[in-house]
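Please read the structure below before turning to the comments.
The values are calculated or read from the model by the stated rules, or taken from the named source; none is laboratory data. Since the model is a prediction, treat every value here as computed from it, not as a measurement. Here the Cβ is made from the backbone with ideal geometry for all residues, glycine too, and neighbour counts use every protein chain on show. Each accessible area value is taken on the protein alone, full model and side chains, heavy atoms only, with ligands, DNA and RNA left out. Shrake-Rupley method; radii C 1.70, N 1.55, O 1.52, S 1.80 Å.
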Amino acid sequence: MAKDIKKLTGVQKAAILFITLGPEAAAGIIKKLPEAEIQKITYEIANINSVKSDQKKEILQEFIEMNKAKDYLLEGGIEYAKDLLSKALGSQRAIEILDKVTEATQQFRPFAIARKADAPQLLNIISDEHPQTIALVLCYLQADKAGQILSALPENVQAEVAFRIATMSNTSQMVVKEIEKVLDDKLSSIVKSDMKVIGGVQTIVDILNQVDRTTEKNITEGLEKEDAELAEKIKGSMFVFEDIITLDDVSIQRVLREVDTKELSLALKGCSEEVADAIFRNQSKRASAALKEDIEFLGPVRLMDVEKAQQKIVGIIRRLDESGEIVLARGGEDAIIV
């Protein structure tokens, strides 16, 4: 696994961290994790063949920094943590670490959606609530956001809400969950656009592009049984027309023998110079000149027709790859070494 750690998932980083710590130390930590997390990390560990020493150092350093950030947050709040981390690591790095820590922490704290909303949005929703309810919500918000909302409340309500916050101690978790649910229902449609998108076709495509051919085949075949349309969409996304530039010249020449000239000229209409050059350099001068003329002769064409032609060529490439006549560059054991 020779990969920039910025591109690694949290689970992958955890897997590398446990490998770095060694079996004894890792076992003591991993047994305290939820079963689902253990399975994910174990899967990643099993699929890691090697880790570069600089990767180990970077991930271990990140782990240490994030733990320091958590300690500072508990000790004196976000400004205190930011100040200490900035002195040690610089302001930009401090912000990056705190963002990661607070994001991970907020996923498990009540009122996560409320913390993503803007202060004016929250104010409109909770301003008519009972002061005790307002106080409870403000206790779970970021201090600056809570301050904005408190300042915007009517003067006769401000003091009462502040008093209830100051004297609040233990609150029933059932009450917290009930209030959170009502607030989430009101906010969900407002802050939906701000929610981070995770998962989806592109995510699994990115993952499958890093696995070996056998694993990829097993997964896609399994998906075909579950949802043939989804499986085809994933397979179609795993190699796009622009990826032709990643093929070696011999493979491109093999593909061109299968492609109809009219289909090729349509597919190249409006493509990048890099893709066009990859095609032209793998043709004879006469053939490339004729192809260029065909492209010019086409005139304006519909984008839908161009994409359809490109997808047909992608289908040919995938078929040749599956038959072993060409090899698409992949990560892991299927990586091509020149």
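The table for this structure:
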quantity: Accessible surface of segment 112-194 [probe 1.4 Å, protein heavy atoms]: carbon and sulfur percent; calculated: 53
quantity: Cα-based convex hull, segment 112-194, per residue volume (Å³, whole number); calculated: 84
quantity: Gain in span if fully extended, residue 139 to residue 88, counting 0.36 nm per residue against the direct Cα distance; calculated: 15.4 nm
quantity: Phi-based couplings in Hz for segment 52-61 (Karplus 6.51, -1.76, 1.60; Gly and Pro marked x); calculated: 5, 4, 5, 5, 4, 5, 5, 5, 5, 5
quantity: Under the Karplus curve 6.51 cos²θ - 1.76 cosθ + 1.60, θ = phi - 60°, whole-Hz ³J(HN,Hα) for segment 156-161, x wherever Gly or Pro sits; calculated: 6, 9, 3, 5, 5, 5
quantity: Above-threshold pairs, the threshold being 20 Å between Cα atoms, out of 40/177; 40/233; 116/177; 32/70; 235/308; calculated: 40/177; 40/233
quantity: Per residue accessible area in Å² of segment 239-337, where ligands, DNA and RNA are left out and the probe is 1.4 Å; calculated: 61
quantity: Two-site FRET efficiency, residue 289 against residue 233, from Cβ-Cβ distance with R₀ of 22 Å, rounded to 0.05; calculated: 0.05
quantity: Chain lengthening between residue 301 and residue 25 when straightened (0.36 nm per residue, less Cα-Cα); calculated: 93.1 nm
quantity: Efficiency of FRET between residue 155 and residue 71 - r from beta-carbon atoms, R0 35 angstrom, step 0.05; calculated: 0.35
quantity: J(HN,Hα) series, segment 239-254, from Karplus relation 6.51 cos²θ - 1.76 cosθ + 1.60, nearest Hz, glycine and proline x; calculated: 8, 9, 4, 5, 6, 4, 5, 8, 7, 6, 4, 4, 5, 4, 4, 5
quantity: Per residue solvent-accessible surface (Å²) - segment 5-72, probe of 1.4 Å; calculated: 65
quantity: Cleavage-rule hits (trypsin sites (Lys or Arg not before Pro)) in segment 248-320: DSSP loop, at most 13 neighbouring Cβ within 10 angstrom; calculated: 257, 281, 302
quantity: Nonlocal amide H pairs with residue 326, under 5 Å, H built at 1.01 Å; calculated: 321
